[in-house]
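Trainee: One structure, pasted below without further comment.
Since every read-out is calculated from the coordinates, none of them should be taken as a lab result. All values reported here derive from a predicted model rather than from experimental measurement. Here the Cβ is made from the backbone with ideal geometry for all residues, glycine too, and neighbour counts use every protein chain on show.
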């Protein structure tokens with residue numbers, strides 16, 4: 001579904017991605033893991049059109065999209081849930097969800113909104129509340145629900161567990177595992193252990209380069225990966 005080849009992206013003179021290549025097959029969960037500053041979020045932001053690449057190819061369902069504007073990328077069904085959730089705090093929960101469907105012109109938006117409320121009952125109870133009043137976990141569910149309202153083909157999740165309490169992290173990853181049934185997922189996550197538990201395949205980034213790739217299950221037993229990224233169980 002997604003093929004990234006030799007991707008280079010810079011912040012001014014700082015090279016954040018230096019020839020990154022990876023693939024995401026339809027129906028899979030692929031994780032990008034690595035330390036802070038490895039280039040994981042930069043890769044997502046370049047794919048989604050937030051950043052412009054200096055060089056490289058991004059093929060989505062066979063179509064070259066490198067350098068496209070973010071709205072054009074989203075219209076193809078490639079949707080990102082950003083780091084830090086970034087809900088529109090002055091709008092209500094329901095207004096945020098409906099904004100997720102802004103590219104759609106079909107008649108099923110109301111039905112999908114009902115489905116989101118069934119999936120996330122907390123959001124239904126708070127649909128008229130201002131989004132800034134939600135807890136961090138509720139805001140993450142809102143960000144996920146807003147993305148699902150666009151009917152994504154490929155869902156890119158950037159640090160979905162960041163800043164959340166351990167019990168909420170468990171719930172977020174349960175939701176991610178369930179989302180495999182309706183969308184392909186590209187996951188960036190600092191909690192490498194959780195990412196590898198839910199992923200089918202994973203790429204390890206260091207210094208803006210892919211240094212290792214493997215089925216996620218095998219990486220969980222790799223001594224170097226355990227020492228560098230997994231540490232104690234959580």
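Trainee: Which one of 76, 144, 167 has the biggest mean-square fluctuation once the chain is modelled by GNM with Cα springs under 10 Å?
Mentor: 167
Trainee: Further, regarding this structure: Nearest 0.05, what FRET efficiency do residue 104 and residue 178 give at R0 = 25 Å with Cβ-Cβ as r?
Mentor: My answer for the efficiency is 0.65.
Trainee: Any idea what angle helix 136-148 forms with the longest principal axis of the chain, computed on alpha-carbon atoms, 0 to 90 degrees, nearest 10?
Mentor: So the inclination is approximately 90 degrees.
Trainee: Can you tell me how segment 100-163 classifies by the Cα gyration tensor, rounded, prolate or oblate, using a/c under 1.5 as the rounded cut?
Mentor: It is oblate, given that a/c is not under 1.5 and a/b is not larger than b/c.
Trainee: Please state, rounded to one decimal and in Å, the Kirkwood hydrodynamic radius that segment 43-182 gives when every pair of distinct Cα atoms enters the mean of 1/r.
Mentor: Computed over Cα pairs of segment 43-182, the Kirkwood hydrodynamic radius comes out at 15.6 Å.
Trainee: Follow-up. Where a ≥ b ≥ c are the square roots of the eigenvalues of the C-alpha gyration tensor, would you call segment 47-98 rounded, which needs a/c under 1.5, or, failing that, prolate if a/b is larger than b/c, or oblate?
Mentor: prolate
Trainee: Another question, if that's okay. Rounded to the nearest 5, what % of the DSSP beta bridges within the chain are antiparallel ones?
Mentor: Around 55 percent of the beta bridges assigned by DSSP in the chain are antiparallel ones.
Trainee: Does segment 21-61 come out rounded, prolate or oblate by the C-alpha gyration tensor, with a ≥ b ≥ c the root eigenvalues, rounded set by a/c under 1.5 and, if not, prolate when a/b is larger than b/c and oblate if not?
Mentor: It is oblate, given that a/c is not under 1.5 and a/b is not larger than b/c.
Trainee: Next question. Rank-order 98-108, 202-212, 182-192, 119-129 by packing density, defined as the average count of other C-beta atoms within 10 Å over each peptide's residues, highest first.
Mentor: Per-residue Cβ counts within 10 Å, averaged per peptide and sorted highest first, yield 182-192, 202-212, 119-129, 98-108.
Trainee: Helix 166-179 against the longest principal axis of the chain: what's the angle in degrees, Cα atoms only, rounded to the nearest 10?
Mentor: 90 degrees
Trainee: Taking N as the number of residues in the chain, what value does Rg over Cα atoms divided by 2.2 N^0.38 Å take?
Mentor: For the chain, the normalised Cα radius of gyration comes out at 0.99.
Trainee: Provide the FRET efficiency to the nearest 0.05 for the residue 206-residue 54 pair, computing r from the beta carbons and using R0 = 25 Å.
Mentor: Efficiency for this residue pair is about 0.80.
Trainee: Additional query: If you average 1/r over all unlike Cα pairs in segment 110-221 and invert the result, what Kirkwood radius do you get in angstrom?
Mentor: The answer is 15.2 Å.
Trainee: With no solvent and one point per C-alpha, what does the Debye sum give as log10 I(q)/I(0) for segment 9-104 at q = 0.13, 0.15, 0.17 Å⁻¹?
Mentor: Taking Cα atoms of segment 9-104 as identical point scatterers yields -0.54, -0.71, -0.89.
Trainee: Something else: Provide the gained length on full extension for the span residue 125 to residue 35, in nm with one decimal, where the gain is 0.36 nm per separating residue minus the Cα-Cα distance.
Mentor: Residue separation times 0.36 nm, minus the Cα-Cα distance, leaves 28.7 nm.
Trainee: Now, a different point. Measure nothing fancy, just the Cα-based angle from helix 109-119's long axis to the longest principal axis of the chain, in degrees from 0 to 90, nearest 10.
Mentor: Helix 109-119 and the main axis of the chain meet at about 70 degrees.
Trainee: Highest GNM mean-square fluctuation, the chain, Cα pairs closer than 10 Å: which of 89, 62, 145?
Mentor: The residue with the greatest mean-square fluctuation here is 62.
Trainee: Can you grab the distance from the C-alpha centre of segment 35-108 to the C-alpha centre of segment 124-172, Å, no decimals?
Mentor: Here the two parts' Cα centres lie 16 Å apart.
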